[in-house]
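S.K.: Before anything else, here's the structure in question.
Rule-based calculations on the coordinates, nothing more; no lab input. Remember, predicted model here, so these are calculated numbers, not experimental data. Cβ: placed from backbone, ideal geometry, glycine included. Neighbour counts: every protein chain shown.
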Amino acid sequence: MSDKLKIAIQKSGRLSDDSKALLRECGIRLQNGKNRLLAPATNFPLEVLYLRDDDIPQYVEDGIADLGILGENVVLEKQKKVTVRQKLGFARCRLSLAIPKSENYTGPQQFQAKKIATSYPTILGDFLTAQGVEAEIHNISGSVEIAPSIGLADAVCDIVSSGSTLFSNGLKEVEVVMKSEAVLITNTSLNTEKQATLDQLLFRIDAVNRSKYSKYIILNAPREAVSAISAILPGMRSPTVVPLAEEGWCAVHSVVQEERFWEIIDQLRQQGAEGILVVPIEKMIL
Ligand code: PRT
Ligand code: ZN
């Protein structure tokens, strides 16, 4: 038996490009081949299995694949014995209940004895039970959003991202049942060798993901402002401060979190910072 780690990713669909990009950013190169089900990595003990996302939880539970990348919505719906190891930050969406635009919404009780079309009967059933609502769930596998207009259901429970599909089908989102993003799942009993490879992979994923939310910042500042600026820019340990050729001036280098970026820039300018450069970080290892 091969001790290479096998990872299942979506063959084609909304997750496949980002899943492949993540492996690439982790420095993993794959042997390409059209229409192949299995691609070995050339520089890491890993093999990639290309599957439909719905099949991934079963493959990982059975140990045919050791890991998989898929939406949390599918993980929760399939109820297989797998471990969710890491959120991956892409394919963000929500599973929501929606009703015809013209109807008022008063709360989950409104779904009592109604027909709801969904591809997520388990998640929806659990949600309704928790709300004390009994409804008739119609499990359909595609084009859920057209169910109310053809008289098949009173409401739908479907994946929403921009909301435009609901809108163009005359529906409005009224209740978020769950939020979802892509996650890495693993088999519950990996051998020691596979566990070690998984740890290496998780270390790389962490470095890639951390870098996505951070920027490298370089600025010039008068020497007397450096301590105030260092307090605004804590960096990984502390900022790098280098004297400039011009007397009394320094360059300060640090790392900022993207979400605090504009707020920090304003504070830095108030302290006299100028010539501010902000550059992306490719990998970030703490
Ligand atoms: O063929 P396979 O079974 O592998 O793929 P699939 O068709 O089942 O899945 P795919 O590729 O459509 O989606 C894979 C995963 O992407 C889902 O399980 C979610 O975790 C995630 N994701 C993120 C989405 C969306 N965004 C999304 N917008 N999945 C589906 N949609 C659909 C939704 O069903 C609806 O029809 O897009 C429409 C809504 O989009 P908006 O932007 O109009 O709101
Ligand atoms: Zn699917």
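S.K.: With the calculation restricted to Cα positions, what are the radius of gyration and Dmax of segment 59-101 in angstrom?
M.R.: When restricted to the Cα atoms of segment 59-101, Rg and Dmax are 13.4, 45 Å.
S.K.: Given that compact globular proteins tend to follow 2.2 N^0.38 Å, what is the ratio of the alpha-carbon Rg of segment 93-180 to that value? Show your work: numbers first, answer last.
M.R.: Numbers: Rg = 11.4 Å, N = 88, 2.2 N^0.38 = 12.1 Å.
Taking the Cα Rg and dividing by 2.2 N^0.38 Å, one obtains 0.95.
S.K.: Below 8 Å between Cα atoms, with a sequence gap of 6+, how large is the relative contact order for segment 214-280 in percent?
M.R.: Details: 112 pairs, mean separation 34.3, N = 67.
Reported as a whole number, the value is 51 percent.
S.K.: Sorted by packing (mean other beta-carbon atoms within 10 Å per residue), highest first, where do 233-246, 146-159, 262-275 land?
M.R.: Details: 233-246: 12.5, 146-159: 19.5, 262-275: 14.4.
So the order, starting with the most tightly packed, is 146-159, 262-275, 233-246.
S.K.: How much net charge surrounds GLN109 when only other residues with a Cβ under 12 Å from its Cβ are counted (Lys, Arg +1; Asp, Glu -1)? Before the final figure, lay out each step's value.
M.R.: Values: positive: LYS114; negative: GLU134, GLU175.
Neighbourhood net charge equals -1.
S.K.: Here's another thing I want to ask about it. Taking R0 as 35 Å, what FRET efficiency do you get between ALA113 and LYS179 from their Cβ-Cβ distance, rounded to the nearest 0.05?
M.R.: 0.80
S.K.: Quick check on the chain: helices-only [θ] at 222 nm, where DSSP H runs of length 4 and up contribute -39,500 (n - 2.57) each and the sum goes over total residues. Nearest 500, please.
M.R.: Numbers: 8 runs with 78 residues, N = 286.
Value at 222 nm, helices only: -8000 deg cm²/dmol.
S.K.: So, one more: What size of dipole, in debye to the nearest 20, comes out for segment 93-180 about its Cα centre when the only charges are +1 on Lys and Arg C-beta atoms and -1 on Asp and Glu C-beta atoms?
M.R.: Values: 6 positive and 9 negative charges, 34 e Å.
Roughly 160 debye, rounded to the nearest 20.
S.K.: Along the charge dipole of segment 214-280, pointing to its positive end and built from +1/-1 on Cβ of Lys, Arg, Asp and Glu, which listed residue (MET236, PRO280, ASN220) has its Cα farthest out?
M.R.: Working it through, the farthest residue towards the positive pole turns out to be MET236.
S.K.: Mind checking the dipole of the chain: about its Cα centre, +1 per Lys or Arg Cβ, -1 per Asp or Glu Cβ, Debye to the nearest 20? Mind showing how you got there, number by number?
M.R.: Numbers: 32 positive and 35 negative charges, 127 e Å.
About 600 debye.
S.K.: Still on this structure, I have one more. Expressed as a rounded percentage, what relative contact order does segment 93-180 have, with Cα pairs under 8 Å and six or more residues apart?
M.R.: Numbers: 172 pairs, mean separation 42.9, N = 88.
That works out to 49 percent.
S.K.: Shifting gears a bit: Of the candidates SER230, SER211, SER119, which one comes out as most mobile in a Gaussian network treatment of the chain with C-alpha springs shorter than 10 Å?
M.R.: Answer for the Gaussian network model of the chain: SER230.
S.K.: Efficiency by 1/(1 + (r/R0)^6): what FRET value for LEU38 and PHE203, r their Cβ-Cβ distance, R0 = 22 Å, to the nearest 0.05? Let's see the in-between values first.
M.R.: Working: r = 25 Å, r/R0 = 1.12.
That pair, LEU38 with PHE203, gives E of 0.35.
S.K.: Now for a separate question. Decide, for the chain, between rounded, prolate and oblate: order the square roots of the alpha carbon gyration tensor eigenvalues as a ≥ b ≥ c, take rounded if a/c falls under 1.5, and otherwise choose prolate if a/b is larger than b/c, else oblate. Spell out each step's value before the answer.
M.R.: Values: a/c = 2.88, a/b = 1.46, b/c = 1.97.
Oblate, because a/c is 1.5 or more while a/b does not exceed b/c.
S.K.: Can you list the GluC sites (Glu not before Pro) in segment 109-193 that are in a DSSP coil and have 13 or fewer other beta carbons within 10 angstrom? The partial results should precede the final answer.
M.R.: On the way: sites: GLU134, GLU136, GLU145, GLU173, GLU175, GLU181, GLU193; in loops: GLU134, GLU181.
The qualifying sites are GLU134.
S.K.: Considering only the other residues whose Cβ falls under 14 Å of the Cβ of GLN79, what net charge follows from Lys and Arg at +1 and Asp and Glu at -1?
M.R.: Details: positive: LYS78, LYS80, LYS81; negative: ASP54, GLU61, GLU72, GLU77, ASP126.
Net of charged neighbours comes to -2.
S.K.: Which entries of LYS172/LYS212; LYS11/LYS212; LYS114/LYS179; LYS6/LYS81; LYS81/LYS115; LYS20/LYS172 have Cα-Cα distances beyond 27 Å here? Before the final figure, lay out each step's value.
M.R.: On the way: LYS172/LYS212 33 Å; LYS11/LYS212 25 Å; LYS114/LYS179 23 Å; LYS6/LYS81 17 Å; LYS81/LYS115 30 Å; LYS20/LYS172 34 Å.
From the list (LYS172/LYS212; LYS11/LYS212; LYS114/LYS179; LYS6/LYS81; LYS81/LYS115; LYS20/LYS172), the Cα-Cα distance tops 27 Å for LYS172/LYS212; LYS81/LYS115; LYS20/LYS172.
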